[in-house]
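Below: one structure, written as structure tokens.
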Amino acid sequence: MKLKGSYFYTLREDAKDEDSKSGNLLVRSGMIKKTSAGVYMMLPLGLRVVNKIKKIIKEEIDETGAQELLMPSLIPSEIYESCGRLSAFGNSMFHLNDRANHAMVLGPTHEELFTIAAKSMVNSYKDLPFTLYQTADKFRDEARPRYGLIRVKEFIMKDAYSFDKDVDGLDISYNKMFKAYNKIFDRCKIDYKIVRADVGAMGGSLSEEYQAITDIGEDTLVLCDNCNYASNMEVAKHTIIDDKEAELTLELVETPHKETIEEVASYLGLKSSKTVKALLMNVNEELVVFFIRGDREFNESKACKLFNVSEINFANDELIAKSNAVPGYTGPIDLNAKIIIDNEILAMKNFVVGANKEGYHYKNVNIKDFKYDESADISCVIEGDVCPNCGGSLYFKKGIEIGNLFKLGTKYSEHLGLNYLDEENKENPVIMGSYGIGVGRILAAVCEQHNDDSGLILPMSIAPYQVSIVLISGKDEVALNYANKLHDDLEDNGVEVLLDDRDERPGVKFNDMDLIGIPIRITIGKSLTNGEVEIKLRNKQESINIKTTEIIDYVKNKIKEELN
């Protein structure tokens, strides 16, 4: 491609309405342009990158034996209602009516339609297994679109679904996708972790996420410094260590105007870890008081799963008034409300709780001193906690979810009647798996991880072009003729090349090629009189001169080296 006469522009200044490095660089490099909050145009350079990512995905998913199809985005809302997902997605779905007043939605995900498609051909166990996939637009009405392509309202997603007769078959299908995903993200040169995650609205028995490591990630990853343990914060488990202290005598103490954990702990001369705090919550219009160790955070995801609800809110004054709880001083002793304690409290000794009386707490509390309805894992781990696998120390990283794997089981097949007859002519629901990849998120993650002060440093596998040719002066006819010939020769050798033949200063051209992240830059200038051109790799500081007779082989070898 030659830039003169082509659609190409860059911005010198930072984009004012982008809150991430990747969003800013993609806008400045002319790859994307925002049309509204969470909605972007994919411009020619950006589309080339996206198409390369899609090509990598297609190659690896096809290798698993999956078959590609394409589902509609405009879907009757009753299809989602059949599996209870209208309420599960809530306000994040886009709703509309057609001219016949039929309720429709823009598809946020396509489990139901894939199940319906499978139902068209599955009768017997002989029809299984198989896997279907698509790469298509999805729509979700995000409350807070942000971070460029990371949190958007319209996005491109690869979603695949496997259909098996039993759990053993699902394991085989799942592992095929697991291996394919590793190859995809390795080829895109992403630094990622695979973490155990919450199944959420998708349902099923197992979920694993591929998380790109980056400081702006929305997810907190819990990792071990000694083994390969990796989990999303939502499902990270505690290693509970028994307190070996001898139990002391329960004591009521005055704590005037001390309502927060920090205030109480400081006043009593204790660590926050020796206190227990109460969270007064509204669960299905019932007051439920959750108790966790004072220095920990409440894990809403775990609590929602415990009660099988999509959200839990703080209780209002009216709900609290139905109990004897006193905000700031609530404790489990003689509390007339539903009580859920964190499993960790079972192993604690001589801790502090509220006394349900303003200005008072109990100290030296032990589990025998109160009754509770249930114990469960309802709190978040903290850095330094003991790894549940090996006893190492846990630490946190931020991540962007770029892909996920779900063992869905029979949730959708049972709701939608996707059954098969087994060898004994008995009807059984088909076992399903679900496998998603966010194409735009891959692009954003790569840009977050591969950049410097000058712009993007894109991997050879997904860069819009592999090589750029910068012509120092278009007025030099010899140099211009050679630049055009080199461009054509490289293209004839299968190299993707961009010739910057614009009437711009050399500095502008260099800056633009750095900004858009082309891996190899060839500069044609004064050294051409000596039969040489300058080569500069985007990820290196130094440049070298290469003979014009060697340039084609050098470039081809460098590309092969980078792709391998």
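Within segment 335-374, the residues that satisfy the criterion of being without any contact (Cβ under 8 Å) to a residue 40 or more places away in the chain and either open to solvent by less than 40 Å² (accessible area, probe 1.4 Å) or on the phi > 0 side of the Ramachandran plot (or both) are Asn356, Phe370. Flag: Lys138 does not match the condition of being out of contact with any helix residue (DSSP H, G or I) (no Cβ under 7 Å at 6 or more places or on another chain) and surrounded by fewer than 17 Cβ atoms within 10 Å (Cβ to Cβ). For Leu480, the test of being within 20 Å of Arg538 (Cβ to Cβ) and of a type outside the set (Gly, Ala, Ser) is failed. Of the residues making up segment 493-513, those that are surrounded by fewer than 21 Cβ atoms within 10 Å (Cβ to Cβ) and in a helix (DSSP H, G or I) are Pro506, Gly507, Val508, Phe510, Asn511. Residue pairs whose Cβ atoms lie under 8 Å apart, sitting 6 or more positions apart in sequence or on different chains, and linking a residue in segment 167-189 that is more than 14 Å from Phe406 (Cα to Cα) and touching a residue at least 12 places away in the same chain (Cβ under 8 Å) to a partner that is of a type outside the set (A, V, I, L, M, F, W, C) and loosely packed, with under 15 Cβ neighbours inside 10 Å, are Ala180/Glu63.
Does Ile213 satisfy being in contact with a Lys or Arg (Cβ under 6 Å, 6 or more places away or on another chain) and either closer than 25 Å to Arg144 by Cβ or surrounded by 14 or more Cβ atoms within 10 Å (Cβ to Cβ) (or both)? Considered against the rule, which asks whether it is in contact with a Lys or Arg (Cβ under 6 Å, 6 or more places away or on another chain) and either closer than 25 Å to Arg144 by Cβ or surrounded by 14 or more Cβ atoms within 10 Å (Cβ to Cβ) (or both), Ile213 comes out as yes. Applying the criterion of being part of a loop (DSSP other than H, G, I, E, B) and of a type in the set (A, V, I, L, M, F, W, C) to the residues of segment 375-397, the residue that is surrounded by the fewest Cβ atoms within 10 Å (Cβ to Cβ) is Cys390.
Table: residues versus (1) open to solvent by 60 Å² or more (accessible area, probe 1.4 Å); (2) modelled with pLDDT under 95.
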site: Gly217; (1), (2): no, yes
site: Val253; (1), (2): no, no
site: Glu259; (1), (2): yes, yes
site: Tyr267; (1), (2): yes, no
site: Val276; (1), (2): no, no
site: Leu279; (1), (2): no, no
site: Ile312; (1), (2): no, yes
site: Val326; (1), (2): no, no
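Scanning segment 106-121 turns up one or more residues that are open to solvent by less than 20 Å² (accessible area, probe 1.4 Å) and in contact with a His (Cβ under 9 Å, 6 or more places away or on another chain).
Yes or no, residue by residue, for (1) assigned to a helix (DSSP H, G or I); (2) open to solvent by less than 10 Å² (accessible area, probe 1.4 Å); (3) touching a His at 6+ places or on another chain (Cβ under 9 Å):
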residue: Gly399; (1), (2), (3): no, yes, no
residue: Ala444; (1), (2), (3): yes, yes, no
residue: Cys447; (1), (2), (3): yes, yes, no
residue: Ser461; (1), (2), (3): no, no, no
residue: Leu480; (1), (2), (3): yes, no, no
residue: Leu486; (1), (2), (3): yes, yes, no
residue: Glu491; (1), (2), (3): yes, no, no
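Taken together, the residues in segment 31-81 that are part of a strand (DSSP E or B), without any contact (Cβ under 8 Å) to a residue 40 or more places away in the chain, open to solvent by 10 Å² or more (accessible area, probe 1.4 Å) and hydrophobic (A, V, I, L, M, F, W, C) amount to 3. In the set (1) surrounded by fewer than 24 Cβ atoms within 10 Å (Cβ to Cβ); (2) more than 30 Å from Gly38 (Cβ to Cβ); (3) in contact (Cβ under 8 Å) with a residue 12 or more places away in the chain, the condition left unmet by Lys475 is number (3). Of all residue pairs spaced 6 or more apart or on separate chains, those with beta-carbon atoms under 7 Å, a first member in segment 306-331 that is under 17 Å from Lys277 (Cβ atoms) and a second member that is hydroxyl-bearing (Ser, Thr, Tyr) and modelled with pLDDT of 95 or more are Tyr329/Tyr360; Gly331/Tyr362. Out of Gly417, Gly403, one residue alone is open to solvent by 20 Å² or more (accessible area, probe 1.4 Å) and among the small types (Gly, Ala, Ser). It is Gly417.
Inclusion of Ala303 among residues that are closer than 30 Å to Gly84 by Cα, open to solvent by less than 10 Å² (accessible area, probe 1.4 Å) and either within 39 Å of the chain's Cα centre (by Cα) or among the β-branched types (Val, Ile, Thr) (or both) is warranted. The C-beta contact set for segment 409-426 (first residue closer than 18 Å to Ser120 by Cα and part of a loop (DSSP other than H, G, I, E, B), second residue open to solvent by 30 Å² or more (accessible area, probe 1.4 Å) and of a type in the set (Phe, Trp, Tyr), distance under 9 angstrom, 6+ apart or interchain) comprises Asp422/Tyr125. Tyr412 passes all but one of (1) closer than 30 Å to Lys55 by Cα; (2) open to solvent by 40 Å² or more (accessible area, probe 1.4 Å); which number fails? That leaves (2) as the condition not met. Take Glu383 and tell me if it is among the acidic types (Asp, Glu) and more than 38 Å from the chain's Cα centre (by Cα). No: the conditions fail for Glu383.
Rundown of residues vs (1) of a type in the set (A, V, I, L, M, F, W, C); (2) closer than 22 Å to Arg441 by Cα, yes/no style:
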| position | (1), (2) |
| --- | --- |
| Met104 | yes, no |
| Pro108 | no, yes |
| Thr135 | no, yes |
| Asp141 | no, yes |
| Ser162 | no, no |
| Cys188 | yes, yes |
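Filter segment 143-166 down to the residues that are farther than 20 Å from Glu112 by Cα and of a type in the set (A, V, I, L, M) and list them by number. Matches in segment 143-166: Ala143, Leu149, Ile150, Val152. Going by the structure shown, is Asn530 free of Cβ contacts under 8 Å to residues at least 60 places away in the same chain, open to solvent by 30 Å² or more (accessible area, probe 1.4 Å) and either of a type in the set (Asp, Glu) or in contact with a strand residue (DSSP E or B) (Cβ under 9 Å, 6 or more places away or on another chain) (or both)? It is true that Asn530 is free of Cβ contacts under 8 Å to residues at least 60 places away in the same chain, open to solvent by 30 Å² or more (accessible area, probe 1.4 Å) and either of a type in the set (Asp, Glu) or in contact with a strand residue (DSSP E or B) (Cβ under 9 Å, 6 or more places away or on another chain) (or both).
The values are calculated or read from the model by the stated rules, or taken from the named source; none is laboratory data. All of these numbers come straight from a predicted model, not from anything done at the bench. Cβ atoms come from the backbone with ideal geometry, glycine included; neighbour counts cover every protein chain shown. Heads up: the accessible areas ignore ligands, DNA and RNA and are worked out on the full protein's heavy atoms, side chains in. Shrake-Rupley method; radii C 1.70, N 1.55, O 1.52, S 1.80 Å.
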